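Working notes, structure below.
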Amino acid sequence: MESYKFEMKGRAFDGSDRLDKVAAGLTALQHVFDDQFRALTDRRRLSDRFKRGWRNLMKYAVTLSALLALLVLGACSAEQSPASSEPNERTSTTNPGDFADLIDAGILAVVRANGNGSSSGASMEGIIQNSSSRPVHVDIIMSRPVFFRNGGRGQNMIASMILNGDNSYSQSRGNSFVSLRPNEQSGVKFIAYCADFEKDNPTPSETFTVDTAPPHLVNVMRRVAAHARANPDADFTVPAQVAVWLAQGVNSAEIAKRFPFTASDEVLARSFLQ
């Protein structure tokens, strides 16, 4: 007896009426079986008794096939669910903004900023506020440095990074950032450097306001920021601070009297000036 192979080709199962198409296909398949049975038995008509039995058998076959089709379609939907969720993942992807740009846009505000007795590194603490009605993600590395003017007698500071108050930050898809909910205030730490060699380190009682950074320091800090992105695990606090003072015209011998550094620190510091 010749064997028969039934295939479902094309886009018959596209769209929302998949089960209707399955049922129609199975009904057509029943007629094919009838025709094949007549051809094999060389009869034009089947007996009524046999035909009733045949149709009952086909009803069970159709029901079973429909159940199998549901299982197959359910499996297909499960396999497709990750792909269908991709747009939501893209929508929720964080896009960190630069701290200075967010301040200029009025989205972020510095509520308070003060010193902690240090001249360099995690030397400032503060509170920032998200003034918008949407979540904000702030890149921890500042593409544009932020200059903080001291309201007391101590040093002015120039910041290059921002962290959460506990020195932590979030990461997602290669981005490092701190996040604020709509209208939220949050405690932060600033990685900042002394911009006045001759003055004392800022104390916790000395507060700062955001001001315009001197152009020569902006260029230095942009190179520092580029180095931070390329070397995220490196500690270059000393070379960065030396670079700021060198850019202000203080010679390395004077700096060494108050702020020890190595020959390799100076080499890296001078690379930030070029």
**Fill in**
Taking alpha-carbon centroids only, region 184-220 lies from region 248-266 a number of Å equal to 20 Å
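Which of TYR169, TYR193 has the fewest other C-beta atoms within 10 Å, and how do the rest follow up to the most?
TYR169, TYR193
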**Asked** When a footprinting reagent is the concern and you count Cβ atoms within 10 Å, what order do MET221, MET161, MET142 take, fewest first?
**Response** MET161, MET142, MET221
**Asked** Once amide H atoms are placed 1.01 Å from N in the peptide plane, what residues at a sequence separation of 5 or more from ALA213, or on another chain, have their amide H within under 5 Å of its amide H?
**Response** PHE147
**Item:** Calculated from backbone phi, Karplus (6.51, -1.76, 1.60) coupling profile of region 248-257 in Hz, x at Gly/Pro
**Value:** 8, x, 7, 7, 5, 5, 5, 4, 4, 5
**Request:** Mind listing the long-range amide H neighbours of ARG112? Cut-off is under 5 Å, sequence gap 5 or more, other chains count too, H placed in the peptide plane at 1.01 Å from N.
**Result:** ILE127
**5 angstrom amide H check on GLY121, placed H, neighbours 5+ away** = ALA192
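Bear in mind these aren't lab numbers, they're just calculated from the coordinates by the rules spelled out. For clarity, every value in this text was computed on a predicted model and none was experimentally measured. Positions of Cβ are backbone-derived with ideal geometry, glycine not excepted, and every protein chain shown enters the neighbour counts.
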